[in-house]
Each structure stands twice: as C-alpha cells, then as structure tokens.
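Visitor: If you scroll down you'll find the structure; I have some questions about it.
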Amino acid sequence: MAYIRRVPAVERALRILEWIADRPEGVAPAALQARFGFSRTGLFALLNTLKAHGYLEQAGPRGPYRLGPRWWALAAQAHPEQALRELFRAEARGFAESLALLRPAGGEVVVLEAVLGAHPLVGRWAVGDRLPLEGSAPGWIFLAAHRTGPRWGRIRREGIARRRIGALIEAAAPICPDGRHPVAALAVRLPASRAAPALFEALRAAAARLSLRLGAPAYQPYAAEPEGLSLRRLRPEEIVAFLEGPWIARLVGLRADGRPYAVPVWYLWERPALWIAALPGSRWPGYIRAHPQVTLLIDEPWPPLRRVRVEGRAVPDIFPEGPEGLAARLAARYRLESPPPGLREIFRILPERMEGRRGVIPSADR
C-alpha cells in the first residue's frame, strides 16, 4: 500500500531535478551519484529519461546536466516573468560584455535585468533604465516586426539590430518564446573596437537558447520563412566570420574497418587551422589515426541558416599553449563553467577545402 502512495523512481527523479535546480552551473553525474548513492545504471536510466523528455539537458559532450527546455517551458507558462529573469541570469554568467534584458513598455524599452561583464565601466546597464523604441537597438528589435525599409529588412534577415552611439556599438537580439515574435531583447553596449563578429554571434546564440528554453519549437524570429534568405554561397570572409562563432561541429570520417562515423566536437578556429581535442574515453582519435582525412560540418539552426563544410587531414599536434591552454580557450569560447578535463589527444586540421552556404531553397522550387 505504501508503494501505491509513493513511487520511489518518481521520488528519485524529483530529488535530482530539485538538486540541479539549485545549481544552475550544472551538475556532473559523479556528483549526483555521490550525493544520492544511486547505482550508476539506475542513475543514468533516470538522467536519460529526463533528458529524453526535455527536463534535463547536457552542456556539451559528456558535460554537466542542467535543467532543460521542458522544465523552463512549464515554468514560463506558470510564471513567465520569473522564468525569463532566471534564464537570463544563468545565460549571462561568463558573457564577456555587460548584458541586459529589456522589454517594451509603451514607446520605450525598459531594462529588467543587467549583469556586469569583464568591462563594467564601459557600456554598463542599470535596472530600470528606459530607452526610446525609435532610438535604441533593443527598441529596433520590436519595431522591425512591422516596419518596412532596408534597416528593418536587415534586422529581420540577420536576427540582430546594431546601432552606433559615438564610440560605442549597441546591439540587440530578439527573445521569442514562440520562435517568431519578440517579447524581450538581449542587448550589449561596447566600444566599437571590441565589436567583433564572434560577439554578435554569441549574442544571437544566447537569445536563441533563451527562446528555446522558454518553449520555442524553433528559433526563426519574425517569420516562418524569413525574407531575403534565398540560397547562395558564402564568400571566404563570411566563412571565416562564421567559424569564429561558438558552434559545435560534427566530425565525420571513417572507422578502421571503413564504416563511417559522425561525432559532435568542440573546435577552436585559429587561422589557418582548426583544433579539436578528445575527451577521456573518446574512440574517434583511433579512427583518425587509421583514416586521417576528415570533414567538419558546422551549421546554425536559425536564420540566416549558414553552414560550412571543412575538409582536411587531421594530424596529432601540440597546441602552442599546451593542453591546459586549449581547454581554457574552449571553456571561454563555449562559455563553460570550467575547462574540459583531460584533453590529451589534440589534432590540428589544416583545411584543404572550405565551402559554405546560407539561406534556403525558395518554396516554389522545392
């Protein structure tokens, strides 16, 4: 009778969720096992079930577990403002520049939350600040939904608004819980000298993650099939700018027996080469030693829908800053809470061929 009233497996799952909720930086499986004393098999069965249903997500290959999009979607339905603020604070940790969360209020946008970055005296935001819709990058995010003209079309295509204020650049990206209609904006303000393409990529990626965690089925701001995204090749400088973004690549090659494999990997783009490293227990370094010719596939899941293919030979090499230096660079690039441990097998890929595309095939041609 007691079992009918209380289901042990459900209780274990709830205890896992509650403990992870108190640790937004994420929790490793080993820490969960030490905390609750679950068997390894039982623990991973619970973690995989919660992950499959979206209540947990994993931060990168073999990374720590965090609350997943389904959890936040439920929270957003019950307490939308609180869920948005909490997700913003988790997303803002470790962002290089001071970051702000803004919402429209009449003819203005108001700063709901702000987190200082590594340069707190430049471009800082204050909670309660109000900016005009017409005269701010966050305001343009909302005006772009119903304005016509080159500026507004560019914002809709790129998913980001940029505005110069003297020596500063203000940039904002839309947060869309339904994937299409902005309800809030994520914004930075920084000196023009630091306004690198990689920072704008990181800003838009952060807005997309927030949208997906709030329940968006996909992140396509403003339209289901955005205007101006006809299929075309990326120019060499566009490929370089894209590779600087914090994307996860798919490493594709052949096993020793000739069968193909594809695995997700973190990468570092240091012109003219890309660097990848294996986490402890990875099998793909053996595959590379047998067949060093590999392909990296890198794409973004939201407009302008860019994707790049890099073909080349992966060779074992020593990273100039050592394994610890590469781990630190990857942690900064992917905004990990701590550097990935145990990077010992490091490979350098000197591209023999790189090509990229952006956009989609027009509907009439499909």
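The values are calculated or read from the model by the stated rules, or taken from the named source; none is laboratory data. Please read all numbers here as calculations on a predicted model, not as lab measurements. Backbone-built Cβ (ideal geometry, glycine too); neighbour counts: all protein chains shown. Protein only, heavy atoms only, side chains kept; ligands, DNA and RNA dropped before computing areas. Shrake-Rupley method; radii C 1.70, N 1.55, O 1.52, S 1.80 Å.
Visitor: Under a 1.4 Å probe, what is the accessible area of the stretch 198-329 per residue, stated in Å²?
Guide: Here the residues of the stretch 198-329 average 44 Å² of exposed surface.
Visitor: While we're on this one: Between beta-carbons, use under 14 Å as the cut-off and find the net charge around Arg85, counting Lys and Arg +1, Asp and Glu -1. Mind dumping the intermediate values first?
Guide: Values: positive: Arg89, Arg93, Arg103, Arg213; negative: Glu81, Glu86, Glu91, Glu113.
Net charge around Arg85: 0.
Visitor: For Ile169, enumerate residues with amide H under 5 Å from its amide H, sequence gap 5+ or separate chain, H modeled in the peptide plane.
Guide: For Ile169, whose amide H was placed from the backbone, the distant partners under 5 Å are Leu190, Ala192.
Visitor: Now, a different point. If you wrap a convex hull around the Cα atoms of the stretch 80-223, how much volume per residue is inside, in Å³? Let's see the in-between values first.
Guide: Values: hull volume 14.6 nm³, N = 144.
Convex hull of Cα atoms, per residue: 102 Å³.
Visitor: Moving to a separate point now. In sequence order, what are the phi-derived ³J(HN,Hα) couplings for the stretch 304-321 according to the Karplus relation 6.51 cos²θ - 1.76 cosθ + 1.60 with θ = phi - 60°, rounded to whole Hz, with x for glycine and proline?
Guide: Per-residue couplings from phi come out as x, 6, 7, 8, 10, 10, 10, 10, x, 9, 8, 10, x, 8, 9, 5, x, 9 Hz.
Visitor: So, one more: Once label points are set 7 Å from the Cα along Cα→Cβ at both Leu168 and Tyr261, what is their separation, rounded to one decimal in nm?
Guide: Reported label-point gap for Leu168 and Tyr261 is 5.0 nm.
Visitor: Same structure again: Of the accessible area of the chain, with the probe set at 1.4 angstrom, what percent is carbon plus sulfur?
Guide: Working: 9880 of 17780 Å².
C and S fraction of accessible area: 56 percent.
Visitor: May I ask you to order 130-138, 154-162, 182-190, 249-257 by the average number of other C-beta atoms within 10 Å around their residues, highest value first? Walk me through the intermediate numbers first.
Guide: Details: 130-138: 17.8, 154-162: 20.4, 182-190: 24.4, 249-257: 15.4.
The densest-packed peptide leads the list: 182-190, 154-162, 130-138, 249-257.
Visitor: I would also like to ask the following. Dipole size in debye (nearest 20) for the stretch 152-203 around its Cα centre, Lys and Arg Cβ +1, Asp and Glu Cβ -1? Spell out each step's value before the answer.
Guide: Details: 9 positive and 4 negative charges, 44 e Å.
Magnitude of the dipole: close to 200 debye.
Visitor: Here's another thing I want to ask about it. Taking amide H positions as placed 1.01 Å from N in the peptide plane, with prolines and chain starts having none, which residues 5 or more places from Arg23, or on another chain, fall under 5 Å of its amide H?
Guide: Correct list: empty.
Visitor: Let me ask another. With an 8 Å cut-off on Cα pairs and a minimum separation of 6 or more residues, tell me the relative contact order of the stretch 159-238 in percent. Before the final figure, lay out each step's value.
Guide: Values: 116 pairs, mean separation 24.0, N = 80.
For the stretch 159-238, the relative contact order is 30 percent.
Visitor: Order of 237-245, 38-46 by packing, highest average Cβ count within 10 Å first?
Guide: On the way: 237-245: 18.1, 38-46: 13.9.
Highest mean packing first, the order is 237-245, 38-46.
Visitor: So how exposed is Phe200, as accessible area in Å² (1.4 Å probe, rounded to 10)?
Guide: Approximately 30 Å² of Phe200 is accessible to the 1.4 Å probe.
Visitor: What is the magnitude of the charge dipole of the chain about its Cα centre, with +1 placed on the Cβ of each Lys and Arg, -1 on the Cβ of each Asp and Glu, and no other charges, expressed in debye to the nearest 20?
Guide: Values: 53 positive and 35 negative charges, 105 e Å.
In debye, rounded to 20, the chain gives about 500.
Visitor: Additional query: What does the extension gain come out to for His181 and Glu324, with contour length at 0.36 nm per residue minus their alpha carbon separation? Please report the intermediate quantities before stating the final value.
Guide: Details: separation 143, 0.36 × 143 = 51.48 nm, distance 4.21 nm.
Working it through step by step, the gained length comes to 47.3 nm.
Visitor: Another question, if that's okay. Give the span of the chain's Cα atoms along each principal axis, as three whole-Å numbers ordered largest to smallest.
Guide: 66, 59, 49
Visitor: Also, quick follow-up: Helix-only estimate, please: 222 nm mean residue ellipticity of the chain, summing -39500 (n - 2.57) across DSSP H runs of length 4 or more and dividing by its residues, to the nearest 500. Walk me through the numbers before you get to the answer.
Guide: Numbers: 12 runs with 123 residues, N = 366.
Mean residue ellipticity at 222 nm (helix-derived): -10000 deg cm²/dmol.
Visitor: Let me ask something additional. Any idea how far apart Arg6 and Ala331 come out in nm if each label point goes 7 Å out from Cα toward Cβ?
Guide: 4.0
Visitor: Please list log₁₀ I(q)/I(0) at q = 0.23, 0.29, 0.31 Å⁻¹ for the stretch 119-168, using the Debye equation with identical point scatterers on the alpha-carbon positions.
Guide: -0.91, -1.14, -1.21
Visitor: When the Karplus curve 6.51 cos²θ - 1.76 cosθ + 1.60 is applied with θ = phi - 60°, which whole-Hz ³J(HN,Hα) does each residue of the stretch 271-277 get, with x for Gly and Pro?
Guide: Going residue by residue, I get 3, x, 10, 10, 10, 10, 9 Hz, with x marking Gly and Pro.
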